Amino acid sequence: MSSFNSIKWKHYANYIAVAAFTIVFAVLSLVGGLKTSDIYMLEKIAIAIMLAVSLSMVVGFLGELSLGHAGFMCVGAYLGGKTAAVLEPLLGEVPTLLISLLVGGAVAAIFGVIIGLPALRLRGDYLAIVTLAFGEIVRTVFMNSSSESFGGSLGLPTPRFDKNFLFIIAFVLVLGCLAVTQNLIRSKHGRAITSIRDNEIAARATGINVTKYKLIVFTVSSFFAGIAGVLYSYSNFTIQSTNFSYNYSIEILVMVVLGGMGSINGSIIAATLITFLDVKLQTILTGNLAVLQDLFYALILILIVIYNNAPALKGFREAHNFKNLFNKFKKHSPEHIHDDEAKWDRVPTKINMDEVLSVDIQVSSPYTPDKTDKEDK
Amino acid sequence: MSKVVLKTENLGISFGGLKAVQELNLQICEGQLYGLVGPNGAGKTTVFNMITGVYKPTTGKYYLDGEDLTGKNQEAINHKGIARTFQNIRLFNNMTVIRNVMVGLHNQPEFKCGVFASMFRLPVHFKTEKAIRQRAKEILRIVGLAEERNTLSCNLPYGKQRKLEIARALATNPKLLCLDEPAAGMNPNETADLMEIIRRIRDEFNVTILLIEHDMKFVSGLCDEITVLNFGTVLAQGSPDVALNDPEVIKAYIGG
Amino acid sequence: MKFIETLINGLSMGSTYAMIALGYTMVYGIAKMLNFAHGDVIMVGGYMIFVTMASLGNPILGLLAAVVFCVALGVTIEKIAYKPLRGASPLAVLITAIGVSYLLQSTAQIIFGSAPKMVNVADLGNVKFAGLTVPVYILVTLGCSMVIMLVLSVFVKYTKTGRAMIAVSEDKGAAQLMGINVNKIIMITFAIGSALAAFAGFFMLMKSPSLNNTLGAMPGIKAFTAAVIGGIGSIPGAMLGGMLMGVVEAISLTIPAIAPYTDAIEFLILIVILLVRPTGILGKKRREKV
């Protein structure tokens, strides 16, 4: 029994929460308590969670800014969707689903490696624009594909898994994604990854293989983005490449950032809430009011970020926040901190922008050892 | 004469036309406490950066235990056995003290555990995690940070942050430990304490120590041998008493 | 002949990109932030031209109104959304900028609806010389933007304010200690960037009269790409990157086989250039002091 007590339940709280959530809605759907639109929303939520959690590995834990997450999803959606469309008549539903999930994830992971390679050379802000470019390239290529291959601008028709189970499968996959990411982060490898975020130079000097870990993170993250893409292709009747523009990447980034840097639970909650709000606003604000949806979204976003980050509001934030309220009810040692959480204002190392305005055409400063190598020869 | 740990041969680097360090010949023997001193801008930290692979030397070579490490990257050099601290402290600020040290233990062969083993929580993962934590605690005890092990490293006072950096470097099990101004910003009591700790580290970890320092009392009280640099060239080498009384050195410091 | 026409067209498109890229690069260099809403300022400028043209019918007045309005808008955005976050994490500022971008787009949609508006700025016809047929608007764009860029370069390099801008971008703290009003300099930077965006909006409407609330989104992203290609923070770099982008786009659009992939080609060039030169063509290499 001692081993039972030594389990850190806190570490498993999010699995339990997600599982409970799934079971409740699974039961509801079996007894017929869910409308089709609700089921569709649940599928969307599962996809959003998976995207946010996988992006959170790159942004929150590795500390690199990626603006091309939708690109990986796009690769997964198209390849998984195509595989499904081809195999469906031959193999039947379940094997097709499994194979297309694997194909979508694997191809996206390969692209993750391809994008991870420049990440080794480029600093945060430059990497961000490269990932954005990658996403747009992928999208353009699929948009101009022939109608026989990937459907081109008309979109690729996919076999929608037209049952009430898809969201259950999706949530099971979310649990899998959660387990893998969380296990990775809460291990020595996760420590190595966060050390790169906190101080890359020190991480190198401490013998951390930065190259290896950046590649691992990009691979795992894009693998799950690919899986999410396959789920997306199953949940919709056609895949349109316009749905994977950089705007969508940014939407995922917003979920991660609002959830809190380096907080997987935060990403889950933010993804759920934002998707829920998005869908609900769409149903509430119809007709002439539909235009207000984006306006609300934008205003909420700006206010939340300014409230959470403005240096001038620091005192106010510290005096009134949920954690203090929580601590009042529960004896909580102030020293205790979550193992893998990071404060926003303490993650400045990688995504910093220190390029300087210049008017001179000076290709590079003379103080670069690389250049002197050549001069001395 | 005991074994030579670090040997540099005509090591030098130039940035553009500026020769930051030139013709540096060092020989550091096993178990030595070696000091690198010199006025500001003398090229001391540049020497560290070359030895640890941050910069690639433009001339010369250097050897650790007879093995040529010139031109290798930082990670590889750390694996070979050179660890360092930084002049402007570089800790993993979002991690607790003990986790900083645990990162240092990452590459130790006895704590091997594959990525997949961690991802799928194989038993070896739990075993290594426990062992790493245990070892990190021991290291923290030696540098005197055992009490603060669960504090966030950025919340530590300055002197303790320096100690933590030393602990993290030590965790990589180096043959040569390079300390860049370990006593900077410490008060006299802390400095005396640090001298004691550095001696203890050398004895308990059987490590050779190369340090940069401005505090002459610190250097002469601690080091067995020193090299004085000025404008990238060696002014004097030898025991602290001899080297610091060299007329060239006095001229460089006081002016003339 | 055809090729030279394409080239001139490319340079004209490129100068529009360069104008937008300058806004990105200056804000990036001085406020150290990626102003995602910059592209949408172009769109606002476009609507301002539309409104003025509809009421007064004069394109030049429209341009003036757009410049004034965009400058006011840029400065207001900076004051309300970005200034409170000075000193906060760059990510937070980035997300706010994204929020502002959405805000501008949705506001424009609420006011003007989502159907595209037609703005016929001016029909200037074609000009023929040396066997070339070139639309006049292309020459106007090219000429105007050249002058603007020249003035800007001289301004930054030789005036007191311009030098203060460079000082702020090098080291905000030190600049403040030297008596430079950092807030004012950042405000001026936003004002200049927004004015350039208004001009870019005018040129874009001369090229194609259709105007909707996402007018600035894609050109904004491409101009940012151009700024990065040239080396972010570098004013000559932004001009060079913009021109390169425009020429590539113009050439690619004339070749039917690759025309649909034009966007992809431009982004691919960015990736290739960054792999060869990680800080862009004219970017300065910054080494972190260890």
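The values are calculated or read from the model by the stated rules, or taken from the named source; none is laboratory data. Not measured: the values here are computed from a predicted model. A quick note on method: Cβ atoms are made from the backbone with ideal geometry, for glycine too, and the neighbour counts reach across all protein chains shown.
Couple of notes before you dig in:
- Where helices (runs of 4 or more DSSP H) sit wholly within the range C:159-237, those with at least 1 residues that are crowded, with 22+ Cβ neighbours inside 10 Å occupy C:160-170, C:182-207, C:217-230.
- Selection status of A:K188, facing another protein chain (nearest Cβ under 9 Å) and on the phi < 0 side of the Ramachandran plot: yes
- Taken as a whole, the structure leaves C:G99 outside the set of residues that are on the phi > 0 side of the Ramachandran plot, within 14 Å of another protein chain (Cβ to nearest Cβ) and small (G, A, S).
- Members of the range A:193-214 that are at the interface with chain B (Cβ under 7 Å from one of its Cβ atoms) and of a type in the set (K, R): A:R204
- Of everything in the range B:183-200 that is closer than 16 Å to B:I142 by Cα and touching a residue at least 60 places away in the same chain (Cβ under 8 Å), the residue that is surrounded by the fewest Cβ atoms within 10 Å (Cβ to Cβ) is B:R199.
- Unmet criterion (only one of (1) of a type in the set (A, V, I, L, M); (2) under 24 Å from C:L139 (Cα atoms); (3) surrounded by 24 or more Cβ atoms within 10 Å (Cβ to Cβ)) for C:A259: (3)
- Scanning the range B:139-158 for residues that are part of a loop (DSSP other than H, G, I, E, B), within 22 Å of B:A184 (Cβ to Cβ) and not hydrophobic (A, V, I, L, M, F, W, C) returns B:G144, B:T151, B:P157.
- Failed condition for B:R149, given (1) surrounded by 14 or more Cβ atoms within 10 Å (Cβ to Cβ); (2) at pLDDT below 90; (3) more than 13 Å from B:I98 (Cα to Cα): (3)
- Complete set of residues in the range B:162-182 that are assigned to a loop (DSSP other than H, G, I, E, B) and either under 19 Å from B:T46 (Cα atoms) or more than 11 Å from chain A (Cβ to nearest Cβ) (or both): B:K175, B:E181, B:P182
- Matching entry among A:G135, A:G76, A:G124, A:G68 (being touching a residue at least 24 places away in the same chain (Cβ under 8 Å), within 19 Å of A:T238 (Cβ to Cβ) and either facing another protein chain (nearest Cβ under 10 Å) or buried (at least 22 other Cβ atoms within 10 Å of the Cβ) (or both)): A:G76
- Selection within the range A:162-183: residues that are in contact (Cβ under 8 Å) with a residue 40 or more places away in the chain and at the interface with another protein chain (Cβ under 10 Å from one of its Cβ atoms). The member of this set that is surrounded by the fewest Cβ atoms within 10 Å (Cβ to Cβ) is A:A179.
- A:G105 within 14 Å of chain C (Cβ to nearest Cβ) and within 18 Å of the chain's Cα centre (by Cα): no
- Verdict on A:V113 being more than 14 Å from chain B (Cβ to nearest Cβ), surrounded by fewer than 18 Cβ atoms within 10 Å (Cβ to Cβ) and modelled with pLDDT of 85 or more: yes
- Taking the numbered list (1) more than 30 Å from B:A167 (Cβ to Cβ); (2) surrounded by fewer than 22 Cβ atoms within 10 Å (Cβ to Cβ) in turn, B:G232 passes all entries but (2).
- Options C:I49, C:I60, C:I98, C:I110; residue that is over 20 Å from the mean Cα position of the chain (by Cα) and β-branched (V, I, T): C:I110
- Taking the range A:192-265 and the helices (runs of 4 or more DSSP H) fully enclosed by it, the elements with 1 or more residues that are among the polar types (S, T, N, Q) are at A:210-235, A:246-259.
- Flag for C:V140 being in a helix (DSSP H, G or I) and away from chain A (no Cβ under 14 Å): yes
- Considering residues of the range B:67-85 that are at the interface with chain A (Cβ under 7 Å from one of its Cβ atoms) and either surrounded by fewer than 24 Cβ atoms within 10 Å (Cβ to Cβ) or in contact with a His (Cβ under 9 Å, 6 or more places away or on another chain) (or both) only, the residue nearest to B:A171 (Cα to Cα): B:H79
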